[in-house]
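Notes follow once the structure below has been shown.
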Amino acid sequence: MVRALKRVGETLRKRWGLGAVRYTVILIVALLAYGLVLLIAGKDPIKAYVDTFTFTFGSAYGFSELLVRMTPLLLTAVAVALPSRLGLINVGGEGQLYMGAWLATWGAITFVSLPQAAFIPLLILLGFVGGGTWAAIAGFFRARGWVNETITTLLMNYVAPLIVGFFIYGAWRSRVPGASAFPQSATFPPAARLPRFFGTRVHLGLVLALVALGIFWFMLERTKWGLKMRAIGGNPEAARRLGMRLGLYFVVVMFIAGGIAGLAGMAEVSGLHWRLSAGFSPGYGFVGFLISWLSGGSAIGIVTMSFVLAIVFAGGSLLQITQGVPFAAVNVLMALILFAVLIRPRLVRRKA
Amino acid sequence: MRLRAAVLVAMLGAVALLAVAGGAIAAQQPSLVIGLLLPGPKNDAGYNQSFYDAVQEVKANIPGVQLIVAEYVADAEAESTMETMIQQGAKMILPCGFNFQYPALAVAEKHSDVVFMHPGGWEVRGNFSNYYATTQLDMYLMGVAAGMMTKTNKLGFIVGMPQGYMLGDCNAFHLGARAVNPKVETHLVFTFSWGDTTKEAAAAQALLDQGCDVITQHLDSPIAVIQTVEAAGAYTIGFMSLDSQKYAPKGWITGLGLTWGAYLTQSAQAVIDGTWHTGFVRQGLAGGFTQIAPFGSAVPDRVKQFILALATGYKAGLIDTFIGPVKDQAGVVRIAAGEVWGNDKMGDFDWLVEGIVGTPQ
Amino acid sequence: MTWSLVLGIVSGTIMYGAPLLYATLGEVVGQRAGMVNLGLEGILLVGASVGLAASVVTGSPWAGIAAAGIAGCLFNLVYAFLVVSRKANQLASGLALMFLGTGLSAMIGKAYIGRGITGLARYQVPGISSLPGITRTMFSYDLLVYLAAPVAVVVWWLIFRTRWGLGLRAVGESPSAAFAAGRRVSWAEYQAAMFCGLMSGIAGAHLSVALARTWTEGMTGGRGFIAVALVIFSKWHPLRAIVGALVFGGAVTVGLQLQASGSTISPFVLNMIPYVLTLGILLIWGGARRLVAPAALGRVYFGEE
């Protein structure tokens, strides 16, 4: 079995290059393993995969929903991939996403009479600043050498939803006459909603995400700045001796990364929900970490893995309806995909 | 490159074949497909189960009804879950989560041929109706039972999140208790989470520690609270699912069950017959949306008789809950003398009745 | 603040600090051997679901606790295999474990939703009922709560007073030096991971079997991550972990007890306190350069192949 896989891997590598081999093999292994899990749980894995496939690719609606799901994943993945070039580990995408949504919501319910042409750029700015500032705190602590960003961002993940909760249960709580006061913000004015395309739920957030990804790729691969970041990530001590201001890099890069995660939050509330509520993110920040890690920080990899995970989520939502598999079971599949990478069988060994 | 194209063509072919095969299998037409979205598990002995039991009743009553049930639906997943259900043929969607109201409304606007019935919200459209039980009135009876059973004169009420309707439940409960026992205090605790059962148990523990001996709750699942209370030898008043009695063999007093079965059966039949019409429906004991659970073994007969007599008066419309004057915690009269608050006011509460220990935020 | 409120807070703090302490002790041992395990949340969930399932099936809560301990131990072997044998990145491996635990526990627990159990028997602290203001339910704990602090002492003894602990710390400080000194690095790491899994499994089961007496999806509510933070809070020291667990356990209880007695502090602000406090303490220690983390923490040791 292993030998056969290796041979397949060898052939594929010659044709399509290492990246394609990596992802294909990882996916096949993970899907086989998850199929086994489903089988043990008394479900029909073949039907599960076929259903997922037909549902997501079988209709324009299903496919458009994949793009909707992909949007926050792309952004949160970039938010992890960018600082990782500097050797920074940002586990705080979830918190940054919440803070981006939080500040954008403040804008949306405060400047209600702005025209859309001014509103959308404002929301983008606020989303970016909200998430960015949240992450820059961690970057600053790291820059001063007080505490590393991994633990800071992790802890701050738990504070951000509480801040959101504080506001939507307090000052921002919407009051509809004659109805219960629900713990969510007022509905965004139409001008504060991201435009949607082709009658689907695909919204401007996807464009933002792709632009962010494009800039990310261009900056890192084609500019001096990207090269410097790599140098710092590779050997911070040497970079410091060369006179690079590491601290500044840490703060700025964390700000940008957090800002991108903040955009994800802004896009969710202003593109999809049109209001801020407590549980609007089912853990996109953590999934973004997973995607960034799986893709090794490459832009193409991020797109591919975001797409794959969008299918995974869509499948999870579907299987719950068709076969009564708990939605949480998608976590098992995500873990198995990650395991397939982490175990690092020889034919898909990472460079790093 | 050519290989990739070939693979793609093969995949598309497979999809087409499967779609055809799928169509052939689904030849036998059900009379109605109902899609049920639950925010939690269907057997939580609480909120979710009340709806699950109800649709099972619909299925048993109307031949050919097919159910599509989705549990643990996250807010972000609600819209696509409903779309999936509609693709699978659902013509009646029951989005049974407070936060599903707007996602459901968005889907309803796209599918005018599908009926949506949302519990507990306020939006109404041509194919989108709203219904809920008048728990804010009926909890009065539970309060009476609690007020008669307590020995410490301290009652506990645990609520997931502070929302107007839930404050109303607590207010009614306290008014009922105070009517039969003027010395009674009701202690109100919010857990600020749905589903952190350890925290719910801790909330029950906190109330027990403060001397409360009758405890009720408005949570998704009451199991953790009831078991904590039962283990401490205190009394339980149930809420939502009638099924929760089994967790308190000793300390069960009674409970208010949400019983949607008859109403949803009637609605489903109307959808099949094409006579369904939208509306904003609030019903209580008289309309069958709520039921008083069987009494526990610890309850003396005189209490049982009293509650049942009150319930009869309630159903006949002889008794009301929020009759002025009602003062809030600061002593300000909120419902003036001679005024009676009915169903339409039940979401408006942002204050608590005098004698409740707790805060309304 | 009334006397009964103070008593209620102290009583609740001890009870809800106990599961945190077990999980923290497990992670302390793991991190002493150089392994940061963010997957603690996953182990807790597996422990909670297996613990409740086994309690229902066998009818004995102690069998549930034992099964959860074993399950946690085995489950963390997955992490150990990735990190020790495959030299995988610790953060990613931990997150993988978290995802796996979340999913598996949902599948294991599904059949046991709504199943009630009597849970572990509680015994009031002897003699305490004679004190003024004590109600019947205060200071009434199950055995695992009573054992939590003694277990912390045992773990302290194991780490600092035994040859096993010496080896463990040596591996955490410098795997290559430990290897040169003739220690079996991988085996020590595996042992630490198994111990971490055992303790976390028990912690998870304590939540479901003793405290909530029921299973719900995601019922651990981030306590696994809190435990990871607590390890740093307690500077990798088992006895200081007792203090840490009480601070975090207290934050939840204080909020609820305050509400139950009619006081108002925004629960959102209250819930932030533990995280902000941990962050603050890390900053103070970090600023003073007095962080005493095991030197090889989080690093992959490739030396021994």
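The values are calculated or read from the model by the stated rules, or taken from the named source; none is laboratory data. Predicted model only: the values in this text are computed from it and were never measured. Glycine also receives a Cβ, built like all others from the backbone with ideal geometry; neighbour counts cover every protein chain displayed.
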Task: The one condition in (1) more than 14 Å from chain A (Cβ to nearest Cβ); (2) surrounded by 22 or more Cβ atoms within 10 Å (Cβ to Cβ); (3) part of a helix (DSSP H, G or I) that residue B:156 fails to fulfil - done: (3)
Task: Selection within the stretch A:295-311 - of a type outside the set (Gly, Ala, Ser) and over 12 Å from the mean Cα position of the chain (by Cα) - done: A:300, A:304, A:308, A:311
- [ ] Kindly indicate whether residue B:132 is among the hydroxyl-bearing types (Ser, Thr, Tyr) and within 14 Å of chain A (Cβ to nearest Cβ).
- [x] yes
Task: The listed residue being assigned to a loop (DSSP other than H, G, I, E, B), at pLDDT below 90, surrounded by 19 or more Cβ atoms within 10 Å (Cβ to Cβ) and among the small types (Gly, Ala, Ser), out of B:347, B:317, B:296 - done: B:347
TODO: Quick one: which residue in B:296, B:261 is closer than 30 Å to residue B:66 by Cβ, among the small types (Gly, Ala, Ser) and in contact (Cβ under 8 Å) with a residue 40 or more places away in the chain?
DONE: B:261
TODO: Assess whether residue A:325 counts as being modelled with pLDDT under 90, buried (at least 23 other Cβ atoms within 10 Å of the Cβ) and out of contact with any Lys or Arg (no Cβ under 9 Å at 6 or more places or on another chain).
DONE: no
- [ ] Please find, among A:334, A:305, the residue that is at pLDDT 85 or above, within 12 Å of chain C (Cβ to nearest Cβ) and crowded, with 24+ Cβ neighbours inside 10 Å.
- [x] A:334
- [ ] Output the helices (runs of 4 or more DSSP H) that fall wholly within the stretch A:173-263 and possess 3 or more residues being at pLDDT 85 or above and among the β-branched types (Val, Ile, Thr), or say none.
- [x] A:204-222
Open item on the list: Quick test for you: out of B:108, B:90, pick the one residue that is modelled with pLDDT of 90 or more, buried (at least 23 other Cβ atoms within 10 Å of the Cβ) and over 16 Å from residue B:220 (Cβ atoms).
Closed with: B:90
Open item on the list: I need the full set of residues from the stretch B:163-191 which are in a loop (DSSP other than H, G, I, E, B), in contact with a Leu (Cβ under 9 Å, 6 or more places away or on another chain) and either within 14 Å of chain A (Cβ to nearest Cβ) or of a type in the set (S, T, N, Q) (or both), in order please.
Closed with: B:191
Task: Conditions (1) more than 9 Å from chain A (Cβ to nearest Cβ); (2) more than 20 Å from the chain's Cα centre (by Cα); number of the one not met by residue C:110 - done: (1)
Task: Boolean, residue C:22 is assigned to a helix (DSSP H, G or I), away from every other protein chain (no Cβ under 13 Å) and under 27 Å from residue A:154 (Cβ atoms) - done: yes
Task: Filtered residues of the stretch A:53-66 (kept if in contact with a helix residue (DSSP H, G or I) (Cβ under 9 Å, 6 or more places away or on another chain) and within 11 Å of chain B (Cβ to nearest Cβ)) - done: A:53, A:54, A:55, A:56, A:57, A:58, A:59, A:61, A:62, A:65, A:66
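Table: residues versus (1) more than 10 Å from chain C (Cβ to nearest Cβ); (2) surrounded by fewer than 20 Cβ atoms within 10 Å (Cβ to Cβ).
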{"site": "B:218", "(1), (2)": "yes, no"}
{"site": "B:227", "(1), (2)": "no, no"}
{"site": "B:247", "(1), (2)": "no, no"}
{"site": "B:270", "(1), (2)": "yes, yes"}
{"site": "B:275", "(1), (2)": "yes, yes"}
{"site": "B:287", "(1), (2)": "yes, yes"}
{"site": "B:290", "(1), (2)": "yes, no"}
TODO: Return the total of residues in the stretch C:171-217 being among the aliphatic types (A, V, I, L, M), more than 23 Å from the chain's Cα centre (by Cα) and either in a helix (DSSP H, G or I) or within 14 Å of another protein chain (Cβ to nearest Cβ) (or both).
DONE: 4
Task: Failed criterion for residue A:290 (all others in (1) crowded, with 24+ Cβ neighbours inside 10 Å; (2) within 14 Å of chain C (Cβ to nearest Cβ); (3) touching a strand residue (DSSP E or B) at 6+ places or on another chain (Cβ under 9 Å) hold) - done: (3)
Open item on the list: For a quick check of your reading of the model, give me the residue pairs whose first member lies in the stretch B:331-344 and is part of a helix (DSSP H, G or I), whose second is exposed (fewer than 15 other Cβ atoms within 10 Å of the Cβ) and small (Gly, Ala, Ser), with beta-carbon atoms closer than 9 Å and at least 6 apart or on different chains.
Closed with: B:344/A:178
Task: Pairs where the first residue, in the stretch B:62-78, is on the phi > 0 side of the Ramachandran plot and the second is of a type in the set (Phe, Trp, Tyr) and buried (at least 19 other Cβ atoms within 10 Å of the Cβ), C-beta under 6 Å, 6+ apart - done: B:72/A:327
Task: Only listed residue being closer than 29 Å to residue B:120 by Cβ, in a helix (DSSP H, G or I) and free of Cβ contacts under 8 Å to residues at least 24 places away in the same chain, chosen from A:162, A:125 - done: A:162
- [ ] Would you list the helices (runs of 4 or more DSSP H) that sit entirely within the stretch A:1-103 and hold 3 or more residues that are at pLDDT 85 or above and of a type outside the set (Lys, Arg)?
- [x] A:18-40, A:45-57, A:60-84
Task: Residues of the stretch C:223-265 that turn out to be in contact with a Phe, Trp or Tyr (Cβ under 6 Å, 6 or more places away or on another chain) and either within 12 Å of chain A (Cβ to nearest Cβ) or assigned to a loop (DSSP other than H, G, I, E, B) (or both), as a count - done: 1
